[in-house]
Amino acid sequence: MKKAAITMLVIMMMAILTGCIDQANGLILYGEEAKLNQVTDKYKDDIKSQVIYNVKKVSAQGKEVLVVSETTARNFIRMELWNEVKNNTQLSVLKGMPTIGNESGLLFAKPEDKHIDMEGLTLSYQGNCVIGESRRYTDAYVVVKDRSFETIKGTLKQMTVLHTKKSMDKELVTIKDYTDAFQLVKLTAIH
């Protein structure tokens, strides 16, 4: 009886997890341009469209920060990739990007990281938001004006957003070898 209950529980968990993964029609890849291009070349028949963004990875106060330009951040809003974390478990799509006013940039991080300082920037904390459904590859996000992005000191990386014809969950074992990080996402469209 106990064995049957455990088997049933495992089957139900697999069905739930498979259902969630099958809904993913997108993939975000982080890393070096040449390696990310190898992924897109290898899986070109499975890709509807792709967009490549320049991002910068910066270490600040022992935290890894992903810096994006305002234009890039607004594109993520249009793709419904920015999500606000509610109650540490629920997400809601961020409907708009706050305007960068007198400050140098906007900070999105866990509440305990809302005081991250970056050299030469005055940051305005805007809440606990993530790209996709989790905080991958970074502890926090900073959005700066387009003209300021080039002056940020950090490691230039690429972030490729792929709109795929199918869920790429079975290919993740291979894809991980070409990326610094990746995540499955549900995309409405790439603009």
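Does Val130 satisfy the condition of being surrounded by 21 or more Cβ atoms within 10 Å (Cβ to Cβ) and either in contact with a Cys (Cβ under 7 Å, 6 or more places away or on another chain) or closer than 18 Å to Val51 by Cα (or both)?
Answer is no for this residue.
Please go through segment 155-176 and give me each residue that is open to solvent by 30 Å² or more (accessible area, probe 1.4 Å) and modelled with pLDDT of 95 or more, ordered by number.
Across segment 155-176, the qualifying residues are Thr155, Leu156.
For segment 119-137, name all the residues that are within 20 Å of the chain's Cα centre (by Cα) and in a loop (DSSP other than H, G, I, E, B).
Gln126, Gly127, Asn128, Gly132, Glu133, Ser134, Arg135, Arg136, Tyr137
Just to be sure, is Val185 in contact with a Ser or Thr (Cβ under 7 Å, 6 or more places away or on another chain) and farther than 15 Å from Ser59 by Cα?
It is false that Val185 is in contact with a Ser or Thr (Cβ under 7 Å, 6 or more places away or on another chain) and farther than 15 Å from Ser59 by Cα.
Taking the stated definitions as given, is Val39 touching a Leu at 6+ places or on another chain (Cβ under 8 Å) and not in a strand (DSSP E or B)?
So Val39 fits the description; yes.
Do we find that Ala24 is modelled with pLDDT of 95 or more and surrounded by 11 or more Cβ atoms within 10 Å (Cβ to Cβ) in this structure?
no
What single numbered condition from (1) more than 10 Å from Gly31 (Cα to Cα); (2) under 17 Å from the mean Cα position of the chain (by Cα) fails to hold for Tyr178?
(1)
Just wondering, is there one or more residues in segment 69-92 that are in contact with a Lys or Arg (Cβ under 7 Å, 6 or more places away or on another chain) and either modelled with pLDDT of 95 or more or closer than 20 Å to Ile152 by Cα (or both)?
yes
Could you tell me which residue of segment 45-62 is most open to solvent (accessible area, probe 1.4 Å), considering only residues that are of a type in the set (Lys, Arg) and at pLDDT 95 or above?
Lys57
Filter segment 93-110 down to the residues that are exposed (fewer than 11 other Cβ atoms within 10 Å of the Cβ) and not charged (D, E, K, R), then identify the one that is farthest from the chain's Cα centre (by Cα).
From segment 93-110, those exposed (fewer than 11 other Cβ atoms within 10 Å of the Cβ) are 95-96, 99, 101-102; that's our starting set.
With not charged (D, E, K, R) added as a condition, the list becomes 96, 99, 101-102.
Values: Gly96: 17, Thr99: 21, Gly101: 24, Asn102: 27 Å.
Ranking the candidates gives Asn102 first.
Within the group Asp139, Asp117, which residue is at pLDDT 95 or above, surrounded by fewer than 19 Cβ atoms within 10 Å (Cβ to Cβ) and closer than 20 Å to Leu156 by Cα?
On the way: Asp117 fails: at pLDDT 95 or above.
Only one candidate passes the filter, namely Asp139.
The values are calculated or read from the model by the stated rules, or taken from the named source; none is laboratory data. As the structure is a prediction and not an experimental result, all values here were calculated from the model. Counting neighbours? That spans all protein chains shown, and the Cβs are built from the backbone with ideal geometry, glycine included. Keep in mind that these areas ignore ligands, DNA and RNA; they rest on the heavy atoms of the full protein, side chains included. Shrake-Rupley method; radii C 1.70, N 1.55, O 1.52, S 1.80 Å.
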